[in-house]
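**Q** Please see the structure below; I have some questions.
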Amino acid sequence: MEVKTASFEKVSSPKTTKVSGAEAVIKCLLEEGVDTLYGYPGGAIMPVYDELYKYQTQIHHVLTRHEQGATHAAQGYARVSGKVGVAMATSGPGATNLVTGIADAQIDSTPMVCITGQVGSHLLGSDAFQETDIIGISTPITKWNYQITKAEEIPEILAKAFFIARSGRPGPVLIDITKDAQFASLEFTYKKCSGIRSYKPKPEINLSELERAADAINNAKKPMIVFGQGVILGGAEELFKQVVEKSGIPAAWTILGLSAMPTDHPLNVGMVGMHGNYGPNVLTNECDVLIAIGMRFDDRVTGNLEKYAKQAKVIHFEIDPAEINKNVHADIPVLGNVNETLKILLEHLKPNKHEAWHQKFKDYYQIEFDKIIKNDLNAERGKIGMAEVIDEINKCSKGDAVIVSDVGQHQMVACRYSKFNQTRSNVTSGGLGTMGFALPAAIGAKMGAPDRDVVAVIGDGGYQMTIQELGTIFQTKVPVKIVILNNDFLGMVRQWQQLFFEKRYASTEMVNPDFITIAKGYHIKAKQVSKREDLKEAVTEMMESKEAYFLEVKVEQEENVFPMVPTGASVSDIRLE
Amino acid sequence: MEKKDFTVSVYTENNIGLLSRIAAIFQKRHINIESITASRSEVNGVMRFTIVVQVTEDQVKKIAGQIEKQIEVIKAFYHTDDEMIYQETALYKINSADFVEDLNIQDFIKESNARIVTVTPKFFVIEKTGKRHETDSLYEKLKPYGLMQFVRSGTIAVTKNEMPISNILEKFDTTN
């Protein structure tokens, strides 16, 4: 007898599973390809952690020692891998501790999704235990944020979060989930987000502007390129190299553009900006066409805007329309992802060499070499200099390591002297200048690029801002290499005090602990070096170590970083001493 | 560049927190908002913010760019006064005794094309819609009689030019 009925047939059609909101969060992360996340548990996020326990073979949760560490680790992971970094925290203090990392990711365009627990929705606004308005707090520093109060919102909102974080100009997204939404159940289906009607990640490419740009470049006598992280974020490194090589145009980088092009490439003329190289800074004010690619004319790059490249026709390749004419007027704006716009540009470019113009960069480099670089690298007396340490790392890494730097003098030295053959190798806090960034970022970087050597170069000040992450290194056994350039000073502030505040060293001298004992307390191999003759061996030992390694180098105490464009000065008034 | 009044019109999704996201853009630049109004717009489900600020054109251009960059903002425009038809509404609450006794007040109301909204034995509420100087002028006239309460709305404005919001949304629907 036929028993099949219409209602019976219906049962087999839609494939959904009933899960808790907390489990849905994990399932969403897996759908988005997340294999590693960084976080710290607490009351309001406990249901999600309970699910993480069940899914621990599929997703690696790294317990950092502070939520700020979780954000920087997620950033380090994102910067080397190109994937979205994920950080998780509880409500209240857990959420507020994410703020610095979120602000850092916002200003440096790093794709990151932060998930915070929130008190139950019936308690919202009651000043409940560990309640803070993290949506209100994070609004100005996120690309997008959203509070989930119903379990069924979770799949769609998390899909949007990942889409927004990684598309267009990337950035941080914060999703706050009330505890009741984590406990409640929903029918789980997942659909990746492919578009949002009010959000246009990629501006339309204007072919006539591109043709104008190509004309200007082809007719330029003294063109110069300044490239930023946009080249890396757009995955346009190879295309960019072809543009540079075909056009023969000298290319200088911003701190976040570093490693988008090999540092030893003959057309790579060094860094622009406050502690950048002599040639590209001076010649910014001599070039006839300035081609800015995926950069945003930060004040540390431009110095005094009234005296910045006024003689030049400015062409600005940029994905974010709000960056056009924000700081520097673009005579020819070229909107779009550089991996598309440079492809079209390349077709229109005429081969050129610009040899005489390129020689000018070489001449300025020689001046800088004689006045600064030679001494930085080959100091013969006094204590070890910071650049000597970087140079030794280069000799061991052959330019293949990821260098994660913190903020201050050592950062400028690391960026000036590090050699890079590969892209996504320079991880540093550029826009926000977050001291304490490097140690946790290095953890994330090593996990995001496990086959590469990751060296964190940190000052004695910044190191102590997130020093507790040594605990994360100990627990996860992540083999990062940590170099502290210890001058027992907050060196960059001290340099400014020396140059602009008549040597009044207000609160910049550091009385430091025994860093070796601290590292050993976490069972991390540690060594201190203070004599030049021991440096090579110590760096080599660190670079060859298969485990995490801590190297403290006692460096010259009152070394200054030059060249320098003092604040308010023009880039061409860069000081060599 | 000279500072003047600009009206920023922002079309957005209707979501919690968007007001504070937009306001934060002014706050970050240390710019005071002269008036702000939010309401539904001509497009179903789309909100419209009308924000008046006194800034330079260079500033307002950048602000509109930063606002438009927000995920849930569909479009942001800025206009000068002469590119818009704009109005404000003011309510004046006055003592009924004063109103009945003093014929001047009745004249002010007639002359200024104001409207009586409510009459009770204790107070009258008068409404005036117009330009800022018109509501201000009635305010000055009524003030000597002891205004019990006064309130004025933000500027609301429609542009002389077309606002192609529906086209933008349709374009998204056809390309996605």
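Rule-based calculations on the coordinates, nothing more; no lab input. Computed from a predicted structure; not experimentally measured. Cβ placement follows ideal geometry from the backbone for every residue including glycine, while neighbour counts extend to all protein chains displayed.
**Q** Explain nothing, just compute: Karplus ³J(HN,Hα) = 6.51 cos²θ - 1.76 cosθ + 1.60, θ = phi - 60°, for every residue of the stretch A:415-427 in order, whole Hz, x for Gly and Pro.
**A** Residue by residue, the stretch A:415-427 yields 6, 5, 10, 5, 9, 10, 9, 10, 6, 6, 10, 10, 10 Hz.
**Q** Can you tell me the relative contact order of chain A? Whole percent, Cα pairs under 8 Å, sequence separation 6 or more.
**A** Relative contact order, chain A: 14 percent.
**Q** By counting other Cβ atoms within 10 Å of each Cβ, how are B:42, A:32 ranked from fewest to most?
**A** Going from least to most buried by this count: B:42, A:32.
**Q** What's the center-to-center distance, using Cα atoms, between the stretch A:56-83 and the stretch A:344-372 in Å?
**A** Cα centroid of the stretch A:56-83 versus Cα centroid of the stretch A:344-372: 40 Å apart.
**Q** How far apart, in nm, are the 7 Å Cα→Cβ label points at residue A:352 and residue B:97?
**A** 8.6 nm
**Q** Still on this structure, please answer the following. Using helices alone, what [θ] at 222 nm do you get for the protein assembly as shown, with -39,500 (n - 2.57) per DSSP H run of 4 or more residues, divided over all residues and rounded to the nearest 500?
**A** Helices in the protein assembly as shown give a 222 nm mean residue ellipticity of -10500 deg cm²/dmol.
**Q** Of all beta bridges DSSP finds with both residues in the protein assembly as shown, what is the antiparallel percent, to the nearest 5?
**A** Approximately 45 percent, going by the DSSP bridge assignments.
**Q** On a 0 to 90 degree scale, rounded to 10, what angle separates helix A:532-544 from the longest Cα axis of chain A?
**A** Its long axis makes an angle of about 30 degrees.
**Q** Could you state the number of Å between the C-alpha centres of the stretch A:490-533 and the stretch B:59-118?
**A** Rounded to whole Å, the Cα centres lie 61 Å apart.
**Q** Another question, if that's okay. Taking the Cβ of residue A:73 as the center, what net charge do the other residues with Cβ under 10 Å away carry, scoring Lys and Arg +1 and Asp and Glu -1?
**A** 0
**Q** How crowded by other chains is A:316-328, given as the mean number of beta carbons from other chains within 10 Å of each beta carbon?
**A** Averaged over the peptide's residues, the number is 2.
**Q** About its Cα centre, what dipole magnitude does the protein assembly as shown give when the only charges are +1 on Lys and Arg Cβ and -1 on Asp and Glu Cβ, stated in debye to the nearest 20?
**A** 660 debye
**Q** Here is a further query. Taking a 19 Å limit on the Cα-Cα distance, which of the listed pairs A:383/A:536; A:360/A:395; A:398/A:546; A:419/A:554; A:371/A:395 fall beyond it?
**A** A:360/A:395; A:419/A:554; A:371/A:395, as the Cα separations exceed 19 Å there.
**Q** Can you bin the stretch A:380-554 into rounded, prolate or oblate? Criterion: square roots of the alpha carbon gyration tensor eigenvalues sorted a ≥ b ≥ c, rounded for a/c under 1.5, prolate for a/b above b/c, oblate for the rest.
**A** Here the stretch A:380-554 falls in the rounded category.
**Q** Find how much the distance from residue A:541 to residue A:310 grows on full extension, using 0.36 nm per residue of separation minus their present alpha carbon separation; answer in nm with one decimal.
**A** Here the answer is 78.2 nm.
**Q** A follow-up question, please. Arrange the following residues from fewest to most other Cβ atoms within 10 Å of their Cβ: A:49, A:463.
**A** Final ranking by Cβ density, sparse to dense: A:49, A:463.
**Q** On to the next question. For chain B, what is the relative contact order in percent, using Cα pairs closer than 8 Å and at least 6 residues apart in sequence?
**A** 26 percent
**Q** For the stretch B:52-66, in order, what is each residue's ³J(HN,Hα) by Karplus, 6.51 cos²θ - 1.76 cosθ + 1.60 with θ = phi - 60°, in whole Hz (x at glycine and Pro)?
**A** Using θ = phi - 60°, the values come out as 10, 9, 10, 8, 7, 5, 4, 5, 5, 4, 5, 4, 4, x, 5 Hz.
**Q** Right, next: In the stretch A:350-369, whose amide N lies under 18 Å from the spot 7 Å out along Cα-to-Cβ of residue A:246? List them in ranges.
**A** A:350-354
**Q** I would also like to ask the following. Can you classify the stretch B:1-148 as rounded, prolate or oblate using the Cα gyration tensor, where a ≥ b ≥ c are the square roots of its eigenvalues, rounded means a/c under 1.5, and otherwise it's prolate if a/b beats b/c and oblate if not?
**A** Judged from the Cα gyration tensor, the stretch B:1-148 comes out prolate (a/c at least 1.5, a/b above b/c).
**Q** Nearest 10 degrees, 0 to 90: what angle lies between the long axis of helix A:21-31 and the longest principal axis of chain A (Cα atoms)?
**A** Taking Cα atoms only, the helix is inclined about 50 degrees.
**Q** Farthest toward the dipole's positive end in the protein assembly as shown, which of B:25, A:253, A:467, given Cβ charges of +1 (Lys, Arg) and -1 (Asp, Glu) about the Cα centre?
**A** Result: A:253.
**Q** Okay, moving on. Give me a comma-separated list of calculated 3J(HN,Hα) values for the stretch A:521-530, in order, Karplus coefficients 6.51, -1.76, 1.60 applied at θ = phi - 60°, integers in Hz, x for any Gly or Pro.
**A** x, 9, 6, 9, 4, 9, 8, 10, 9, 10
**Q** Separate question: Would you list A:357, A:496 from fewest to most Cβ contacts within 10 Å?
**A** A:496, A:357
**Q** Right, another one. Looking at the stretch B:4-84, how many pairs of lysines come closer than 18 Å at the Cα, when each pair is eight or more places apart or spans two chains?
**A** Eligible lysine pairs with Cα atoms under 18 Å apart amount to 8.
**Q** Longest segment of chain B with no trypsin sites (Lys or Arg not before Pro) in a DSSP loop having at most 16 other Cβ atoms within 10 Å?
**A** B:30-121
**Q** Suppose R0 equals 35 Å. What FRET efficiency, 1/(1 + (r/R0)^6) with r the Cβ-Cβ distance, do residue A:208 and residue B:58 give to the nearest 0.05?
**A** 0.90
**Q** Now for a separate question. What's the angle, to the nearest 10 degrees (0 to 90), between helix A:154-166's Cα axis and the longest principal axis of chain A?
**A** Once rounded, one gets 10 degrees.
**Q** What stretch of chain A, leaving out the sites themselves, is the longest with no trypsin sites (Lys or Arg not before Pro) in a DSSP loop having at most 13 other Cβ atoms within 10 Å?
**A** Of all site-free stretches, the longest is A:16-190.
**Q** Can I ask one more? Please work out how much length the chain gains when fully extended from residue A:395 to residue A:17, using 0.36 nm per residue of separation minus the C-alpha to C-alpha distance, in nm with one decimal.
**A** 130.6 nm
**Q** I'd like the distance separating the alpha-carbon centroids of the stretch A:109-183 and the stretch B:126-163, in whole Å.
**A** 40 Å
**Q** Normalised by the number of residues in the stretch A:380-554, what is the relative contact order in percent for Cα pairs under 8 Å and 6+ residues apart?
**A** Relative contact order of the stretch A:380-554: 24 percent.
**Q** Could I ask something else about it? With r defined as the distance between the Cβ atoms of residue A:374 and residue A:488 and R0 fixed at 25 Å, what FRET efficiency is calculated, to the nearest 0.05?
**A** Once the sixth-power term is evaluated, E becomes 0.45.
**Q** Another question, if that's okay. Between residue A:573 and residue A:192, how many nm apart are label points set 7 Å from Cα along the C-beta direction?
**A** 5.2 nm
**Q** What is the mean number of Cβ atoms from other protein chains located within 10 Å of the Cβ atom of each residue in peptide B:62-75, rounded to a whole number?
**A** Mean inter-chain Cβ contacts per residue within 10 Å come to 5.
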